[in-house]
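Worksheet: one structure, shown below.
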Amino acid sequence: MAKNLEEILKLCEKHQIKMIDFKLTDIDGRWRHLGIPVKRLTEDTMVHGIGFDGSNYGYAAVENSDMVFVPVLESAIIDPYAEVPTLSMIGDVMVIEHPHNRPFNQYPRNIAKRALEFMKEQGVADEMLVGPEYEFYVFDHIAYANAPESSGFSINARQAEWSSFNPDNNNGYLIENGRGYHISLPMDINNDLRARMCLAMEDFGVNVKYHHHEVGACGQMEIEVELGDMLTMADHTMDIKYIIKNEAAREGRTATLMPKPIAGEAGNGLHVHMLLRKNGEPVFYDEKGYGGLSETAFYFIGGLLTHAASLCAITNPSTNSYKRLVPGYEAPVTIGYAMANRSAVVRIPAYAKAPQAKRFELRNPDATCNPYFALSAILMAGLDGIEKKIDPHAKGWGPYDCNLFDLPEDEKKKLTGLPASLSEALDALEADHDYLVKNGVFPERLLKLHIARRRRDAEAVMRLPHPKEFALYYDL
């Protein structure tokens, strides 16, 4: 891990690096990048950065100011997917002002930093640790069209049972729909690919916990990582998505973290485990509390559940997100908490018993989110719950020690559900975002931009005729 320019240049010389690649995060959570020859990397780059047009990244223009990207030296990594030897770095975005630059307040990484600063100012904790679970599908081929005269998509996954009559690459070892969980070789044709992904993640500094085939028979995978501090894990989420997609592409395959690419199969979530520490001590642990959790932990949960609907606009920001958040696939649809219950929005893992490991997970997020925005919003919602001492039990949100999908219909009617669509979530965010703008963590202007962009998505999908509509209505 390089600490100064001299160490970076020595690293470049040792590995015969020819190009430096700078990766920036746009408003939607996609990486964009620009490259310079290694000889152009100077102290001036480190101090003054490289100018760029942030409006092309989806951010609002900064009047009368220049925006620059300033590399984070500690993030330097040799990019294994570039043919020309390339050193890659993420960075921060600053606005040039005199006498000192200031952080661009809409840039995702800067928002995560401010959220953590706000947590420390509140005196609640000095660390937030998170551990996301990455679910994704690996397909052999994907095609889609959205033309006026033709609309649809086609997926090929040779391990899926629908490939049983495919004469190409069919050895008969196929996986039954919904029966892929922990399936073994030879059915698990992606085992080695997943292993290579994990090894690449380790090279990027990500501590992998385990990997396995998930429920989805047509190539659903999961890689879970160890807990890490919030900002680092947001950075690593960008690394991990990059690795997953590039390792698949290297094999002529295609990977997607899209929440619901296959009807009738399990969707892809981004479950987020979380805990707080102060002076190295666990904030969420209480031996006598329900599930071993402290009063503070439940106030944090109370904040998450209070703001669950508006949070969805940030943690589940795609129209496809709400095709996953439906009953019957272990995806949560009900606002509530429980011990070891995967049908609740907030789940307390029974296996995490040690004080330092005591935590809970938020199960509704998915990887279409911008990880910096999502983790920051989760933290701000939890801090709001602690500040207001929101007791989720007093609010009637649990604990639900039963499968919420199996409740009688009259009991289900008493429950509050997550938004059923992106438009509903955006309505909730417009009505409920005061907890996000505290201390200027999320600028109002950024939230308005986010809402406007996502509404355009929702409207575009809504206007497009759906193939199912032809089956339902064509002959009427």
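The values are calculated or read from the model by the stated rules, or taken from the named source; none is laboratory data. The shown structure was predicted, so the numbers you read here are calculated from the model rather than taken from an experiment. Note: ideal-geometry Cβ built from the backbone for every residue, glycine included; neighbour counts use all protein chains shown.
Below is a table of values for the structure above.
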| read-out | value |
| --- | --- |
| Residue, surrounded by the most Cβ atoms within 10 Å (Cβ to Cβ), within the range 46-73, restricted to residues that are at pLDDT 85 or above and of a type in the set (Val, Ile, Thr) | 68 |
| Residue 398 touching a residue at least 24 places away in the same chain (Cβ under 8 Å), more than 30 Å from residue 56 (Cα to Cα), of a type in the set (Gly, Ala, Ser) and part of a helix (DSSP H, G or I) | no |
| Subset of the range 118-146 [of a type in the set (A, V, I, L, M) and farther than 19 Å from residue 320 by Cα] | 119, 124, 125, 128, 129, 130 |
| Selection from the range 67-87 of residues that are in a loop (DSSP other than H, G, I, E, B), closer than 20 Å to residue 26 by Cα and β-branched (Val, Ile, Thr) | 72 |
| Unique match (being under 32 Å from the mean Cα position of the chain (by Cα) and farther than 25 Å from residue 237 by Cα) among 34, 24, 41, 11 | 41 |
| Tally of residues being basic (Lys, Arg) and either buried (at least 18 other Cβ atoms within 10 Å of the Cβ) or not in a loop (DSSP other than H, G, I, E, B) (or both) across the range 268-292 | 2 |
| Residues (closer than 12 Å to residue 418 by Cα and either acidic (Asp, Glu) or surrounded by fewer than 24 Cβ atoms within 10 Å (Cβ to Cβ) (or both)) located in the range 344-366 | 363 |
| In the range 92-143, the residues that are of a type in the set (A, V, I, L, M) and either under 12 Å from residue 230 (Cα atoms) or buried (at least 21 other Cβ atoms within 10 Å of the Cβ) (or both) | 93, 94, 111, 112, 115, 116, 119, 125, 128, 129, 130, 138 |
| Any hit, the range 102-125, residues being of a type in the set (Asp, Glu) and assigned to a loop (DSSP other than H, G, I, E, B) | no |
| All positions within the range 295-343 that are part of a loop (DSSP other than H, G, I, E, B) and at pLDDT 95 or above | 307, 316, 317, 318, 319, 320 |
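Quick grid of which residues meet (1) farther than 17 Å from residue 108 by Cα; (2) part of a strand (DSSP E or B); (3) touching a residue at least 12 places away in the same chain (Cβ under 8 Å):
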{"position": "351", "(1), (2), (3)": "yes, no, no"}
{"position": "356", "(1), (2), (3)": "yes, no, yes"}
{"position": "361", "(1), (2), (3)": "yes, yes, yes"}
{"position": "368", "(1), (2), (3)": "no, no, yes"}
{"position": "377", "(1), (2), (3)": "no, no, yes"}
{"position": "384", "(1), (2), (3)": "yes, no, yes"}
{"position": "392", "(1), (2), (3)": "yes, no, yes"}
